[in-house]
Amino acid sequence: MYQTNPTITLMKHLYLLLLTCLLASCGNKRTLLLPQIENAEINELHDVSHAYLFYDETKEDSVDLNRKNLISTTNWLVNVDKRLTLEQAIPKIKFLQDKKRNAKMHKNEAAKNYFTCNDTSIKNLGFLEFTDTYYHTLSLNEYSKDNKELQNPMILFKVDTFNNYTIQKVTGQQQLSLVSETIDKAIEDLIRITDNNNNLVTYLKFNPKLSFQDYILIKSKLLKIESDLVVFDNNEFIY
């Protein structure tokens, strides 16, 4: 249901496998499937408003954004259908981020952005913050032409599919690559490379065809890495 709720009270037995939204403007009932994660670090938020990215097969890009109840001074909960690909969802997400970052009036610097998820470990809602993430749909080589702060040497964590990861240590023209078939093994490789190469920043690169469900699950695991030497850059690349 579209409404601005100043406080989210998470009920113990609430298990949202489906987020069903009623569009007051046309009276149509629409279903949004939230991505699932385990052991979310954030399970309660206050002072929020909502945006919805629906999976819509009737549209050419299969995505429909409803943001009419967003308030710039609140925390934004972005509800993204897990069936969407990054290629479909990221342009809409970037649009929302730019609207909030470029707001001239009624701006609240403390207000943040979160993806809403189903936390299966507690059968309740969980939230993943993405306030300071900058998404790019151009390659690192193209980005580096105009952004000299791109660090080199660096570590590049590449996600092709949920079962295909490549971790590269890039030093000038030299590259050391490790290929993994699971996210847990990829994280082990990342920690091992980072431990042997202090002060290297890790950049994330995702296949645009990756589902939003897989993206959220991978990000939730990466954010739980407990090594102080693993540092992720705020820029993420989708190409």
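The values are calculated or read from the model by the stated rules, or taken from the named source; none is laboratory data. Nothing here was measured: the structure is a model prediction, and the numbers come from that model. Using ideal geometry, Cβ is built from the backbone for each residue, glycine included, and neighbour counts are taken over all protein chains shown.
Which helices (runs of 4 or more DSSP H) does the range 134-239 wholly contain that include 3 or more residues that are in contact (Cβ under 8 Å) with a residue 12 or more places away in the chain and not assigned by TED's automatic domain parsing to the domain that holds residue 41?
183-195, 212-222
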Task: Number of the condition not met by residue 27 [criteria: (1) at negative phi; (2) at pLDDT below 90] - done: (1)
Task: Test set (1) of a type in the set (A, V, I, L, M, F, W, C); (2) at pLDDT 85 or above; (3) surrounded by fewer than 17 Cβ atoms within 10 Å (Cβ to Cβ) - residue 105 fails condition number - done: (2)
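For (1) surrounded by 14 or more Cβ atoms within 10 Å (Cβ to Cβ); (2) over 21 Å from residue 231 (Cβ atoms), each residue gets a yes or a no:
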| position | (1), (2) |
| --- | --- |
| 142 | no, yes |
| 160 | yes, yes |
| 163 | no, yes |
| 175 | no, no |
| 184 | no, no |
Task: Filter result for residue 111 (among the small types (Gly, Ala, Ser), in contact with a Ser or Thr (Cβ under 8 Å, 6 or more places away or on another chain), assigned by TED's automatic domain parsing to the domain that holds residue 59 and surrounded by 18 or more Cβ atoms within 10 Å (Cβ to Cβ)) - done: yes
Task: Among residues of the range 79-95, those that are surrounded by 18 or more Cβ atoms within 10 Å (Cβ to Cβ) and outside any loop (DSSP other than H, G, I, E, B), counted - done: 10
